[in-house]
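Read the structure below first, then the notes.
The values are calculated or read from the model by the stated rules, or taken from the named source; none is laboratory data. From a predicted model like this one, the values you see are computed outputs, not experimental measurements. Note that we place each Cβ from the backbone using ideal geometry, even for glycine, and neighbour counts take in every protein chain shown. Ligands, DNA and RNA are stripped out before the accessible areas are found, and what is left, the full protein with its side chains, is counted by its heavy atoms. Shrake-Rupley method; radii C 1.70, N 1.55, O 1.52, S 1.80 Å.
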Amino acid sequence: MTELDFIKRNWERVLERIKETAEKRGRKSEEIEVVAVAKGFPPEYIREAINAGITKIGENRVQEAEKKISQLKDLTCEWHMVGHLQKNKVKKAIKLFSLIHSLDRLELAYEIDKIAQRENLQVKVLIQLNLSQEPTKHGFIETEFWKLYDKIFELKNIKVMGLMTIGPLTDDKSEIRKVFKKLYNIWDRLRTEVKIDIPYLSMGMSEDFDIAIEEGANLLRLGRIIFSKEFEVRR
Ligand SMILES: *Cc1c(COP(=O)(O)O)cnc(C)c1O
């Protein structure tokens, strides 16, 4: 027993909940992947999580991620960028992360493509949509997205792997569900009508991942429910 054992217990509980919710919906839990979002938590927590079987670690700041990655060089995991990315951090970010969840504006797509070309890299991204009409949130609004998505898909050094959204900050589950349904429908339309192969639908955080699973998410971004000692779901 160590004082960080709670992380393993949290993770086991999360896996059970994913399995239960998925099966209730007739989904296979193996198709649902988890990014453990470690922002604000120390490197030892990440080490514990990886030892417990977690394979994807999320961060929302390039600098914080860079530091942790260098401290955990002996471990094998994928690092995902889930936060808003500034243009002046692109060069670092595309080398550190295997997936950027937060492509939230066209200008950023052009910048990533430009620098990736220079560095001879292909950068995997998810396009972030803002579907909850909260003006403080980053991401494309839906009408804007349909006008310009092909401009992103045609960039040679970017590979779009899917879509991402952040659920609205509310206790109203039907509002949250509405947003997740919207993202699913956009994803589905891109795959079936536009016929682009984008495997990932990144939605669901500690407080709303059950709803996200029910609405088709296959990449959850879970922070506190894995890394907090005493996390209680409010809803
Ligand atoms: C912090 C964060 C998460 C994880 O949030 P929790 O509520 O702690 O699970 C997920 N996605 C993004 C974009 C985040 O910034």
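What to note about this one:
- Of all the listed residues (GLU232, GLU175, GLU207), the sole one being within 14 Å of the ligand (Cβ to nearest atom) and modelled with pLDDT of 95 or more is GLU207.
- Once the range 210-224 is narrowed to residues that are hydrophobic (A, V, I, L, M, F, W, C) and within 15 Å of the chain's Cα centre (by Cα), the residue that is nearest to the ligand (Cβ to nearest atom) is LEU222.
- Taking the criterion of being in contact (Cβ under 8 Å) with a residue 60 or more places away in the chain and more than 12 Å from the ligand (Cβ to nearest atom), the residues of the range 25-58 that qualify are ARG25, ARG27, GLU31, ILE32, GLU33, TYR45, ALA49, ILE54.
- Residue list for the range 30-48, restricted to those being part of a helix (DSSP H, G or I) and either under 17 Å from the mean Cα position of the chain (by Cα) or of a type in the set (D, E, K, R) (or both): GLU30, GLU31, GLU44, ILE46, ARG47, GLU48
- Residue within the range 152-159 that is β-branched (Val, Ile, Thr), more than 23 Å from LYS92 (Cα to Cα) and touching a strand residue (DSSP E or B) at 6+ places or on another chain (Cβ under 8 Å) present: no
- For the range 79-98, the condition holds for at least one residue, the condition being that it is among the β-branched types (Val, Ile, Thr), closer than 26 Å to LEU222 by Cα and in contact with a His (Cβ under 8 Å, 6 or more places away or on another chain).
- Top-ranked residue of the range 109-138 - restricted to ones that are without any contact (Cβ under 8 Å) to a residue 40 or more places away in the chain and open to solvent by less than 20 Å² (accessible area, probe 1.4 Å), ranked as farthest from the chain's Cα centre (by Cα): ILE115
- Annotation: GLU23 fulfils all but one of (1) surrounded by fewer than 16 Cβ atoms within 10 Å (Cβ to Cβ); (2) under 30 Å from GLN63 (Cα atoms); the unmet one is (2).
- For the range 59-93, a residue qualifies if it is more than 15 Å from ILE112 (Cα to Cα), surrounded by fewer than 15 Cβ atoms within 10 Å (Cβ to Cβ), within 16 Å of the ligand (Cβ to nearest atom) and polar (S, T, N, Q), and exactly one does: GLN63.
- One residue from LEU96, LEU106 being open to solvent by 10 Å² or more (accessible area, probe 1.4 Å), in contact with a helix residue (DSSP H, G or I) (Cβ under 7 Å, 6 or more places away or on another chain) and closer than 15 Å to LYS159 by Cα: LEU106
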